[in-house]
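Enquirer: Once you've had a glance at the structure underneath, I'll fire off some questions.
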Amino acid sequence: MTNPDQILLHDYFDNLLSPEAQKEFEETLLDKIDLAIDLGKLKNLQRNLHNLSSNFEPNEIVIENIIASLLEDKVKIDSPEIEVEKEDTKRKKKKIKKERKGLKALTKFRLKRLFTFFAFLSFIALIAAGYLYFQKENSSFPWEVSLISENSSSELQSIVSSGLGSNAHLTIGKDESVKITIVNNGIFELHGESEIEIISGTQLQNSIIIENGNLEFTPQIGNISFQLIHNEIILQSKNSQFEITASNTSTSKVKVLTNFVDINLKNVVSKIPFNHTIQYLDKNHISLPLISNASKQLTKLVHEFDIKQSNKTILSILKLSTKKNVFTLFFMLSKVTPTHRELVIEKLQHFYPLPKSITILDILMLNNDALETWWEEIYSSL
Amino acid sequence: MQHDYIRLLIKSAQQGKKNAYRELCNANLKKIYNLSLRITLNKNIAEILTQNIFIEAWENIKFLREGQAFDIWLKSIAVYKIFDEMRTSKIKNDLVEKGIITENDFSVLSSDKFENLILLLPDKERIAFILHDIEEYTYEEISDFIDDMTTLEIKNMIRSTRNSLINTPDYD
């Protein structure tokens, strides 16, 4: 690497520059847009690495081997594969013994086979019935569109009369507004320059992609099946009212008005409760949720945290947070290092003690079930 | 900073309580296994290495100073053992001899697309990148492990790995 700008960029990123050189570099960034973009990419890389979970699961026998060795059993520390082979041999020996039990066993076996056959037949019948039911429920039907704005294009008027089906695109202009009714599911309104695509519109699943625009969704009681995709983030309404300001050129925002919404990011689901707003940081990252009446100072700190999780910012957020900011703190848990996580847990516990069924260690280890239990506990006491 | 519960487990393990050590193993097993696997790229070798790392840590836990972070201490043992294996190929040769793995069984794929970009890097680049950008080792510390490269060469290599990762079409 010989480009002096690139060397400086990585030195800055690695925190190897003196405070003066750091400041000078930050000023350079204002003039050199390419360098600023590269820095953004590096920070994104750092965030991805920070979120990189331990995806590989060791064989269960690994821990048993360790403990067996500590207990000074004469267990040889072999490859788990050898252990599996040993297990197989044991199983085979047992099987041979069983076979020697004679006629009784044979009768038992025949009965078992007969039972399995009937169970299989029932299973096939069940699947066929399920398939027919699914076909019936999954048949798509058009969504009703009605105009809210007085003036509208002829194109929009023709959509209003024919309705919207699967894979349809809808683009509305600056001064146009429409109301779309999804039967037995909910209603959403689109205001101003908006662009959506319908992925599916069935009784089981209603799903749209929003490219940009302002959308407000109001569910009908019992609805659980409306999902909205923006960039690479899937938002699922849990019988909840929400609004989104989606944009491809600036920051998109989601405000949850009732209940909570699920935000699915690369199969990791976060539940954002009512009265909270999140921002899209880029195509597949979201900010910490902020309660609608959060103080200006805390809002500023949370924005700083979304860019860089510095020690100073984290400590300031912890200091400023009150009980109403509990979900901001809760979502910090997975975004900070274990050292800071311990402080966040301490602060959260001050407002909402951990349920008895989970331990601090579970939360420190970001155990999903434990996090879910605590979230439910906090949410139900709101 | 360590949580009280972890401190209690360490203290109990130092007094010879194996159940406490089992808890510590459980809490760190996946992390150590993933580190071993990302470097060795072979599940069998990574599993045996993980076992050996925890056994060595148990034998030396009395030397863990009060206030010293267990996970960082354990990671240093892990990195030492992993590099020992990379140098000597002791476990690898043993497994090849037993016919459990072959000389070419060295590729692992993750369900995570981003992780696969790292796993597909050439050996030296992958190892140095993992140690620096994931495990937070310094360039100087890494040069202690990679004998045939200077700190500057390692630094340049890691930085061009970063650049190649962020400019890969598959990335984000």
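Enquirer: Applying the selection to region B:57-79, what residues are more than 12 Å from chain A (Cβ to nearest Cβ) and either of a type in the set (S, T, N, Q) or over 17 Å from the mean Cα position of the chain (by Cα) (or both)?
Expert: Residues of region B:57-79 that are more than 12 Å from chain A (Cβ to nearest Cβ), as a first pass: B:60, B:62-68, B:73-79.
Within region B:57-79, B:ASN60, B:LYS62, B:PHE63, B:LEU64, B:ARG65, B:GLU66, B:GLY67, B:GLN68, B:SER76 meet the criteria.
Enquirer: Please verify whether region B:103-116 includes one or more residues that are on the phi < 0 side of the Ramachandran plot, of a type in the set (Lys, Arg) and at pLDDT 90 or above. Show your work before the answer.
Expert: Taking region B:103-116 and keeping what is on the phi < 0 side of the Ramachandran plot, we get B:103-116.
Next cut, of a type in the set (Lys, Arg) only: B:113.
Okay, now just the ones that are also at pLDDT 90 or above, so none.
The answer is no; no qualifying residue exists.
Enquirer: Being polar (S, T, N, Q), without any contact (Cβ under 8 Å) to a residue 60 or more places away in the chain and part of a helix (DSSP H, G or I) is true for just one of B:ASN104, B:ASN116. Which residue is that?
Expert: B:ASN116
Enquirer: Could you say whether any residue in region A:212-225 is part of a loop (DSSP other than H, G, I, E, B) and in contact (Cβ under 8 Å) with a residue 40 or more places away in the chain?
Expert: yes
Enquirer: For region B:132-151, how many residues are more than 11 Å from chain A (Cβ to nearest Cβ) and buried (at least 21 other Cβ atoms within 10 Å of the Cβ)? Talk me through it step by step, then tell me what you get.
Expert: Step one: list which residues in region B:132-151 are more than 11 Å from chain A (Cβ to nearest Cβ), which gives B:137, B:140-151.
Next, from what is left, pick out any that are buried (at least 21 other Cβ atoms within 10 Å of the Cβ): B:142.
Residues meeting the conditions: 1.
Enquirer: Here's another thing I want to ask about it. Out of (1) in a helix (DSSP H, G or I); (2) touching a Ser or Thr at 6+ places or on another chain (Cβ under 7 Å); (3) not assigned by TED's automatic domain parsing to the domain that holds B:GLU135, the odd one out for B:ILE91 is which?
Expert: For B:ILE91, the exception is condition (2).
Enquirer: Can you tell me which of (1) within 29 Å of A:THR337 (Cβ to Cβ); (2) among the charged types (D, E, K, R); (3) touching a residue at least 12 places away in the same chain (Cβ under 8 Å) is the one B:ASP84 doesn't meet?
Expert: The failed condition is (3).
Enquirer: Criterion first (crowded, with 17+ Cβ neighbours inside 10 Å, more than 29 Å from B:ALA27 (Cβ to Cβ) and in contact with a Phe, Trp or Tyr (Cβ under 7 Å, 6 or more places away or on another chain)) does B:ILE154 satisfy it?
Expert: yes
Enquirer: Okay, moving on. Is at least one residue of region A:20-28 of a type in the set (S, T, N, Q), within 7 Å of chain B (Cβ to nearest Cβ) and either assigned to a loop (DSSP other than H, G, I, E, B) or in contact with a Phe, Trp or Tyr (Cβ under 9 Å, 6 or more places away or on another chain) (or both)?
Expert: For region A:20-28, residues of a type in the set (S, T, N, Q), within 7 Å of chain B (Cβ to nearest Cβ) and either assigned to a loop (DSSP other than H, G, I, E, B) or in contact with a Phe, Trp or Tyr (Cβ under 9 Å, 6 or more places away or on another chain) (or both): absent.
Enquirer: Could you list all residues from region A:258-308 that are assigned to a loop (DSSP other than H, G, I, E, B) and polar (S, T, N, Q)?
Expert: Result: A:THR258, A:ASN259, A:ASN267, A:ASN275, A:ASN284, A:SER287, A:SER292, A:ASN293, A:SER295.
Enquirer: Looking only at region B:13-23, how many residues end up being more than 10 Å from chain A (Cβ to nearest Cβ) and of a type in the set (Lys, Arg)?
Expert: Qualifying residue count for the region: 1.
Enquirer: Kindly provide the set of residues from region A:238-257 that are in a strand (DSSP E or B) and modelled with pLDDT under 85, ordered by number.
Expert: A:LYS238
Enquirer: Can you say whether A:ASN167 is modelled with pLDDT of 60 or more, surrounded by fewer than 14 Cβ atoms within 10 Å (Cβ to Cβ), outside any helix (DSSP H, G or I) and at positive phi, as far as the supplied structure shows?
Expert: Numbers: modelled with pLDDT of 60 or more: yes; surrounded by fewer than 14 Cβ atoms within 10 Å (Cβ to Cβ): yes; outside any helix (DSSP H, G or I): yes; at positive phi: yes.
Yes.
Enquirer: Please find, among A:LYS101, A:LYS23, the residue that is at negative phi and modelled with pLDDT under 75.
Expert: Selected residue: A:LYS101, the only one of A:LYS101, A:LYS23 that is at negative phi and modelled with pLDDT under 75.
Enquirer: Something else now. Report, ordered by the first and then the second residue, all pairs with beta carbons closer than 8 Å, sequence separation of six or more or different chains, a first member in region A:43-63 that is under 27 Å from B:ILE48 (Cβ atoms), and a second member that is exposed (fewer than 15 other Cβ atoms within 10 Å of the Cβ).
Expert: A:ASN55/B:SER111; A:ILE61/A:VAL84; A:ILE63/B:ASN26
Enquirer: Say whether the condition of being in contact with a strand residue (DSSP E or B) (Cβ under 8 Å, 6 or more places away or on another chain), aromatic (Phe, Trp, Tyr) and within 14 Å of another protein chain (Cβ to nearest Cβ) is met by at least one residue in region A:331-353.
Expert: No - not one qualifying residue is present in region A:331-353.
Enquirer: Checking B:ASN26 against (1) part of a helix (DSSP H, G or I); (2) within 9 Å of another protein chain (Cβ to nearest Cβ); (3) touching a helix residue (DSSP H, G or I) at 6+ places or on another chain (Cβ under 9 Å); (4) buried (at least 16 other Cβ atoms within 10 Å of the Cβ), which test does it fail?
Expert: With (1) part of a helix (DSSP H, G or I); (2) within 9 Å of another protein chain (Cβ to nearest Cβ); (3) touching a helix residue (DSSP H, G or I) at 6+ places or on another chain (Cβ under 9 Å); (4) buried (at least 16 other Cβ atoms within 10 Å of the Cβ) applied to B:ASN26, the lone miss is (4).
Enquirer: Something else: With the structure loaded, tell me whether B:ASP94 is modelled with pLDDT of 90 or more, within 13 Å of another protein chain (Cβ to nearest Cβ) and crowded, with 20+ Cβ neighbours inside 10 Å or whether it fails that test.
Expert: Details: modelled with pLDDT of 90 or more: yes; within 13 Å of another protein chain (Cβ to nearest Cβ): yes; crowded, with 20+ Cβ neighbours inside 10 Å: no.
Taking the combined requirement at face value, the residue does not satisfy it.
Enquirer: Checking the structure you have, find out if any residue of region B:108-131 is polar (S, T, N, Q), closer than 30 Å to B:GLU23 by Cβ and within 14 Å of chain A (Cβ to nearest Cβ). Step through it out loud before you land on a result.
Expert: Keep residues of region B:108-131 that are polar (S, T, N, Q), which gives B:110-111, B:116.
Going one step further and asking which of them are closer than 30 Å to B:GLU23 by Cβ, we end up with B:110-111.
Still in the running and within 14 Å of chain A (Cβ to nearest Cβ): B:110-111.
So far as region B:108-131 goes, yes, one or more of its residues are polar (S, T, N, Q), closer than 30 Å to B:GLU23 by Cβ and within 14 Å of chain A (Cβ to nearest Cβ).
Enquirer: Mind telling me which of the residues B:ILE39, B:ILE10 ends up being more than 7 Å from chain A (Cβ to nearest Cβ), assigned to a helix (DSSP H, G or I), more than 19 Å from B:THR88 (Cα to Cα) and touching a residue at least 60 places away in the same chain (Cβ under 8 Å)?
Expert: Being more than 7 Å from chain A (Cβ to nearest Cβ), assigned to a helix (DSSP H, G or I), more than 19 Å from B:THR88 (Cα to Cα) and touching a residue at least 60 places away in the same chain (Cβ under 8 Å) holds for just one of B:ILE39, B:ILE10, which is B:ILE10.
The values are calculated or read from the model by the stated rules, or taken from the named source; none is laboratory data. Since this is a predicted model, take the numbers as computed values, not measurements. Don't worry about glycine lacking a Cβ; one is built from the backbone with ideal geometry, like all the others, and counts go over all protein chains shown.
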